[in-house]
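Novice: If you scroll down you'll find the structure; I have some questions about it.
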């Protein structure tokens, strides 16, 4: 027996080598599985450059690139009320390398479109990023200093005032439609392919007002280029405490908010989602992100993927009712 122990048969020696090789391979492979990401990550912004969503994506992407150790590329794919960019991600490889920053429109499009090019379950939630009020803004050279003055003019001149948005079904559009409905006024909606072009025309006098995201208008309001008349949330914004709410300003019951969330294609591996979720949380809590964004009204709300899923489902149900009652379509 002792001789056999000291001199194992060739078959036993071969088996031992195979077992050792298997253990070695497992040890080598384990770190490789944890290497996500191994290349650049793309975040698709379904709007034109220059708006609030673009600003948030780029600020967050800078912080995420440091955390992930890989470049985070921001790519704009505007059009069709965010559907073009969103559909692009829905049909991308589910590997965690192509993401979409979604907004209010993501929750509203299902009730506005008879058929979307992607399925309802085409995405995996990564993280809610933050929530913020929209702000009713006008140029300071216009005669309106309060919402009451806007209402008085709109009721005396139906169809004369215009409001812009970053596209049909976006928060700026639905915020305006809710205002029209509750205040019983006739305003003309002018959709654009992003907040940037809409803001350019607002500043240039081609449209009269905008229920813009606070991140898109904060610098313009602080710089005196736009006048903030009211915020759309039930409570005043910490970033603009002097600006009343629409409910305070003569439109009782008014409440709406913008939000930003990150999604990956359905089927993206759980480990990639976890890594991305952790990176988003660190990015939005970074000093650079807070300094650039929170001053413009965004309340950081990064949480679990499940929290984003629950929040958006509630938003879908809430706004489906508004869309149906106002007979709002994507066109």
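The values are calculated or read from the model by the stated rules, or taken from the named source; none is laboratory data. Just so it is clear, the structure is predicted and the values come from calculations on it, not from any experiment. Backbone-built Cβ (ideal geometry, glycine too); neighbour counts: all protein chains shown.
Novice: Answer with yes or no whether residue 73 is surrounded by fewer than 16 Cβ atoms within 10 Å (Cβ to Cβ) and either over 14 Å from the mean Cα position of the chain (by Cα) or modelled with pLDDT of 95 or more (or both).
Specialist: When the stated conditions are applied, residue 73 passes them.
Novice: Hey, another quick one. Which one of these is over 17 Å from residue 293 (Cβ atoms), touching a strand residue (DSSP E or B) at 6+ places or on another chain (Cβ under 9 Å), at pLDDT 95 or above and surrounded by fewer than 20 Cβ atoms within 10 Å (Cβ to Cβ): 97, 88, 118?
Specialist: Just a single option satisfies the conditions, and that option is 88.
Novice: Look through segment 302-331, keep the residues that are modelled with pLDDT under 90 and outside any helix (DSSP H, G or I), and return whichever of them is farthest from the chain's Cα centre (by Cα).
Specialist: Checked segment 302-331; the qualifying residue farthest from the chain's Cα centre (by Cα) is 327.
Novice: Could you list, in sequence order, the residues of segment 178-192 that are surrounded by fewer than 23 Cβ atoms within 10 Å (Cβ to Cβ) and in contact with a strand residue (DSSP E or B) (Cβ under 8 Å, 6 or more places away or on another chain)?
Specialist: 187, 188, 189, 190, 191
Novice: Is it the case that some residue within segment 133-149 is more than 26 Å from the chain's Cα centre (by Cα) and within 18 Å of residue 174 (Cα to Cα)?
Specialist: There is at least one residue in segment 133-149 that is more than 26 Å from the chain's Cα centre (by Cα) and within 18 Å of residue 174 (Cα to Cα).
Novice: Could you grab the pairs with beta carbons closer than 7 Å, sequence gap of 6+ or different chains, first residue in segment 74-100 and outside the structural domain of residue 276 (by TED's automatic domain parsing) and on the phi < 0 side of the Ramachandran plot, second one part of a helix (DSSP H, G or I) and surrounded by fewer than 19 Cβ atoms within 10 Å (Cβ to Cβ)?
Specialist: none
Novice: Consider residue 171 carefully, then state whether it is under 25 Å from residue 233 (Cβ atoms), buried (at least 17 other Cβ atoms within 10 Å of the Cβ) and touching a residue at least 40 places away in the same chain (Cβ under 8 Å).
Specialist: yes
Novice: Related question: Out of the residues in segment 281-294 meeting the condition of being under 16 Å from residue 132 (Cα atoms) and crowded, with 24+ Cβ neighbours inside 10 Å, tell me which one is modelled with the lowest pLDDT.
Specialist: 293
Novice: Considering only segment 262-280, state which residues are buried (at least 17 other Cβ atoms within 10 Å of the Cβ) and either out of contact with any helix residue (DSSP H, G or I) (no Cβ under 9 Å at 6 or more places or on another chain) or in the same structural domain as residue 216 (by TED's automatic domain parsing) (or both).
Specialist: Once the filter is applied, which keeps residues that are buried (at least 17 other Cβ atoms within 10 Å of the Cβ) and either out of contact with any helix residue (DSSP H, G or I) (no Cβ under 9 Å at 6 or more places or on another chain) or in the same structural domain as residue 216 (by TED's automatic domain parsing) (or both), segment 262-280 yields only 272.
Novice: From the list 253, 204, exactly one residue is over 17 Å from residue 172 (Cα atoms) and either outside the structural domain of residue 144 (by TED's automatic domain parsing) or crowded, with 20+ Cβ neighbours inside 10 Å (or both). Which is it?
Specialist: Step by step, each of 253, 204 is checked, and only 253 is over 17 Å from residue 172 (Cα atoms) and either outside the structural domain of residue 144 (by TED's automatic domain parsing) or crowded, with 20+ Cβ neighbours inside 10 Å (or both).
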